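The values are calculated or read from the model by the stated rules, or taken from the named source; none is laboratory data. This is a predicted model, so every value here is computed, not measured. Here the Cβ positions follow ideal geometry from the backbone for every residue, glycine too, while neighbour counts run over all protein chains shown.
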Amino acid sequence: MSKLWGGRFTKSTNQLVEEFTASIEFDQQFAQEDIAGSIAHVTMLAECSIITNEEAKQIITGLKTIEEKIKAGSVPFSVEDEDIHMNIEKMLIDEIGPLGGKLHTGRSRNDQVATDIHLYVNKKTHEMIELVTAVQQAFVNQAEANMGVIMPGYTHLQRAQPVLFSHHLLAYFWMFERDKQRLVDSLQRVNWSPLGSGALAGTTFPIDRDRTAALLGFDKVYPNSLDAVSDRDFVLEFLSIASILMTHISRLSEELVTWSSQEFDFIELDDSFCTGSSIMPQKKNPDVPELLRGKTGRVHGNLFGLLTVLKGLPLAYNKDMQEDKEGLLDTVKTLDGSLRLLAPMIETMQVKQENMYNAVEQDYSNATDIADYLVTKGLPFRQAHEIIGKIVLYAIQQKKFLLALTLEEYQGFSSLFEEDIFDVLQPKHVVDARNSLGGTAKNQVCKQLEEAKDSLKVDDQKVMG
């Protein structure tokens with residue numbers, strides 16, 4: 001079978017070359033975008049009198065017929081036709097005859113594929129924004145349901161200071177909020193139209209690029225044809241945002257795995273998000289968060305893969321750029337699946353409030369408050385810090401926690417201690433004392449929760465607008 005571009009060649013393409021260079025196996029996922037771009041292009045050609053209205057009508061009807069066949073799964077894609085663009089053009093010629101060959105007037109596969117990817121990334125970015133919002137809503141719901149639950153806060157994975165569990169969850173809310181804002185902001189650069197840039201230098205036909213951009217919903221037209229066909233910055237940006245987002249998912253997953261262990265026993269994941277052991281019947285394994293944590297590596301790899309592909313490419317299009325698609329498609333699939341699992345997993349997890357509180361009572365995470373207590377009595381903080389360090393050492397040696405020490409034991413280190421030290425050391429007091437903006441005091445966390453809810457409303461309005 002002769003190629004649509006085969007006029008200049010005297011030999012058929014080597015079968016191994018066909019298989020190695022073909023992209024139809026994966027870029028068939030751009031069929032919807034490719035047909036939308038073609039319909040916009042043909043509409044513009046007719047409006048500019050480059051083809052007749054009747055010709056445009058026949059071509060568009062043929063493209064819509066092919067689109068329905070593709071949706072129905074009744075189209076056999078061909079490796080010999082290389083990619084989704086050539087496959088659809090060949091199908092169109094088979095469907096409506098030689099007139100189908102006019103589809104490619106005034107454009108190149110170079111601007112065609114760039115257009116497809118822009119449309120695809122635009123669509124997937126909006127989908128990811130919705131999925132991130134669902135995860136944020138799950139954080140909000142759990143934070144609201146567990147307001148007042150106290151847990152140990154950690155640094156270096158060592159118990160540091162008590163915090164509200166809601167405060168901890170909302171920390172992830174704001175991480176995901178930044179991810180969402182990055183996605184929203186990236187649309188400014190995704191929504192540029194390369195269509196009509198030709199292979200690299202534009203076209204001799206009197207086309208209207210602003211018209212095709214408007215028909216496809218783009219906000220801006222690339223002002224430089226070379227840049228238009230060779231730019232993959234928007235793909236890199238999507239992969240970068242996805243990598244940061246997957247890093248946040250991985251950090252959360254690590255905590256879910258840790259918290260659900262018997263050693264911590266702070267939460268229990270719903271059975272529907274866990275698996276068992278083939279040999280140990282007692283096991284309930286947190287496989288979903290473990291796999292979320294593991295899949296982060298492939299998303300990071302896709303970003304570095306494309307960065308490496310692009311780093312030495314001269315302008316304009318090079319066959320190397322075919323490597324932009326598989327990593328993108330894999331990242332979209334991975335991120336989509338991860339976010340769809342994450343929201344209901346958070347929503348359904350059981351929080352073991354008593355275990356969290358017991359952990360706070362059996363540590364030394366209220367030590368800082370003793371230092372602050374002495375400061376309020378007039379002692380410089382550095383002196384207070386040294387005294388508390390000695391008290392903690394003493395308590396450890398006596399195998400006691402700070403609330404179990406007597407007033408006499410405290411006064412053995414400083415005469416400034418009074419009976420009210422035991423009120424200061426209560427976990428609830430320790431938490432509520434941190435009433436600065438953004439702190440873990442219940443009053444502040446309730447304000448933060450309302451701010452998170454308002455943020456969801458504002459973000460939804462921005463995306464819809």
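Taking each residue of segment 196-217 that is without any contact (Cβ under 8 Å) to a residue 60 or more places away in the chain and looking for partners that are part of a loop (DSSP other than H, G, I, E, B) and among the acidic types (Asp, Glu) with beta-carbon atoms closer than 9 Å, six or more apart or interchain, yields ALA213/ASP219.
Results for (1) at pLDDT 95 or above; (2) out of contact with any strand residue (DSSP E or B) (no Cβ under 6 Å at 6 or more places or on another chain), shown as yes or no for each residue.
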| position | (1), (2) |
| --- | --- |
| GLY305 | yes, yes |
| ASP324 | no, yes |
| LEU328 | yes, yes |
| LEU339 | yes, yes |
| VAL351 | yes, no |
| GLU354 | yes, yes |
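The residues of segment 50-83 that are in contact (Cβ under 8 Å) with a residue 60 or more places away in the chain, surrounded by fewer than 20 Cβ atoms within 10 Å (Cβ to Cβ) and part of a loop (DSSP other than H, G, I, E, B) amount to a single one, ILE50. Within segment 370-384, not a single residue is touching a Lys or Arg at 6+ places or on another chain (Cβ under 8 Å) and crowded, with 19+ Cβ neighbours inside 10 Å. If only residues of segment 413-452 that are basic (Lys, Arg) and assigned to a helix (DSSP H, G or I) are counted, the one that is surrounded by the most Cβ atoms within 10 Å (Cβ to Cβ) is LYS442. For segment 258-280, taking the residues that are in a helix (DSSP H, G or I) and of a type in the set (Ser, Thr, Tyr), the one that is farthest from PRO152 (Cα to Cα) is identified as SER272. Pairs meeting the criteria (first residue in segment 146-167 and at pLDDT below 95, second residue part of a strand (DSSP E or B) and hydroxyl-bearing (Ser, Thr, Tyr), beta carbons under 8 Å, at least 6 apart or on different chains) are ALA160/TYR154. Among residues of segment 84-105 that are among the basic types (Lys, Arg), those with a beta-carbon under 8 Å from a residue that is surrounded by 23 or more Cβ atoms within 10 Å (Cβ to Cβ) at least six positions away or on a different chain give the pairs LYS102/LEU45; LYS102/ILE59.
Residues of segment 135-162 being in a helix (DSSP H, G or I) and surrounded by fewer than 17 Cβ atoms within 10 Å (Cβ to Cβ), which ones? ASN141, GLU144, ALA145, listed by residue number. The set of residues in segment 211-257 that are of a type in the set (Val, Ile, Thr) and either within 18 Å of the chain's Cα centre (by Cα) or farther than 24 Å from LEU303 by Cβ (or both) comprises THR212, VAL221, VAL235, ILE241, ILE244, THR247, ILE249, VAL257.
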